[in-house]
Amino acid sequence: TALPYWKPRTSKMLAAASGNPAVVAAASPLAAPARAHRALAPTLDCNGVLAAVHKALNGKDWTKEVNGRFVGYDVGWQWPDPSIDCCSKEFVRCNKTTHEVAELDLRHIGRLKGTLPVQLGQLTSLKYLDLKGTLGVTGTLPPELFGSKMSELIAVRAKYSSLSGTLPASIFELPRLDRIYIGGSRRTP
């Protein structure tokens with residue numbers, strides 16, 4: 001099933017140019033769930049990164065929430081398991097062509113607790129990171145998330161989170177970064 005997510009800037013631009021959003025959505029490399037592409041080998045050890053996120057953010061206690069309401073337990077069990085394809089894991093979307101992690105959506109995970117690990121910076125094809133409403137995630141955004149290797153990053157959403165501190169200066173050097181949503185969080189510009 002597809003994750004609910006905000007529309008990428010490129011899809012909006014293409015939809016406006018073509019006049020047919022359905023055609024654009026079908027042609028988007030992020031449109032189809034990557035679960036159908038399990039046979040492809042990822043070019044990056046995304047399982048190691050996801051395992052680090054799982055460990056750093058109290059993954060053993062994660063629950064699934066929609067609009068702040070509990071809908072299920074045991075959502076993060078698969079993240080540290082290297083035998084399960086990264087792109088089959090809940091809250092992860094991959095580029096269907098390259099099989100690399102393109103979206104990480106943590107906003108529907110309840111009981112997140114801890115700081116973001118520096119390993120997030122290893123997801124060099126990451127385009128979208130959603131941390132909206134993750135009140136248990138504390139500390140700062142890791143500078144590695146905004147390093148030169150993260151040239152594909154388009155948007156970070158951290159509204160209503162408990163992140164604090166200042167944004168790394170390197171954030172302003174990312175060529176594709178178009179949006180960063182931090183309103184309602186403790187982050188300072």
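The values are calculated or read from the model by the stated rules, or taken from the named source; none is laboratory data. The structure displayed is predicted, hence computed values, not measured ones. All Cβ positions, even for glycine, are placed from backbone atoms using ideal geometry, and neighbour counts span all protein chains on display.
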Residue satisfying condition, being among the aliphatic types (A, V, I, L, M) and modelled with pLDDT of 50 or more, within set Val66, Val24
Val66
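Of the residues Ser18, Ser88, only one is modelled with pLDDT of 80 or more, more than 19 Å from Ala155 (Cβ to Cβ) and among the polar types (S, T, N, Q); which?
The unique qualifying residue is Ser88.
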Yes or no: Ala31 surrounded by fewer than 18 Cβ atoms within 10 Å (Cβ to Cβ), farther than 24 Å from Val156 by Cβ and at pLDDT below 90?
no
Please determine whether any residue of the range 135-152 is in contact with a strand residue (DSSP E or B) (Cβ under 6 Å, 6 or more places away or on another chain), over 17 Å from Ala56 (Cβ atoms) and not polar (S, T, N, Q).
no
Given (1) more than 16 Å from the chain's Cα centre (by Cα); (2) assigned to a loop (DSSP other than H, G, I, E, B), number of the condition Val71 does not satisfy:
(2)
Is one or more of the residues making up the range 75-84 touching a residue at least 40 places away in the same chain (Cβ under 8 Å) and either crowded, with 21+ Cβ neighbours inside 10 Å or closer than 20 Å to Tyr181 by Cα (or both)?
no
For the range 122-168, give me the residue count where each residue is hydroxyl-bearing (Ser, Thr, Tyr), modelled with pLDDT of 90 or more and in contact with a helix residue (DSSP H, G or I) (Cβ under 8 Å, 6 or more places away or on another chain).
1
Residue count, the range 78-118, condition assigned to a strand (DSSP E or B) and either closer than 17 Å to Asp45 by Cα or in contact with a His (Cβ under 7 Å, 6 or more places away or on another chain) (or both), comes to 7
Residues of the range 153-175 that turn out to be in contact (Cβ under 8 Å) with a residue 40 or more places away in the chain and farther than 17 Å from Ile109 by Cβ, as a count
2
Within the range 49-74, residues β-branched (Val, Ile, Thr), crowded, with 21+ Cβ neighbours inside 10 Å and in contact with a Phe, Trp or Tyr (Cβ under 8 Å, 6 or more places away or on another chain) come out as Val53
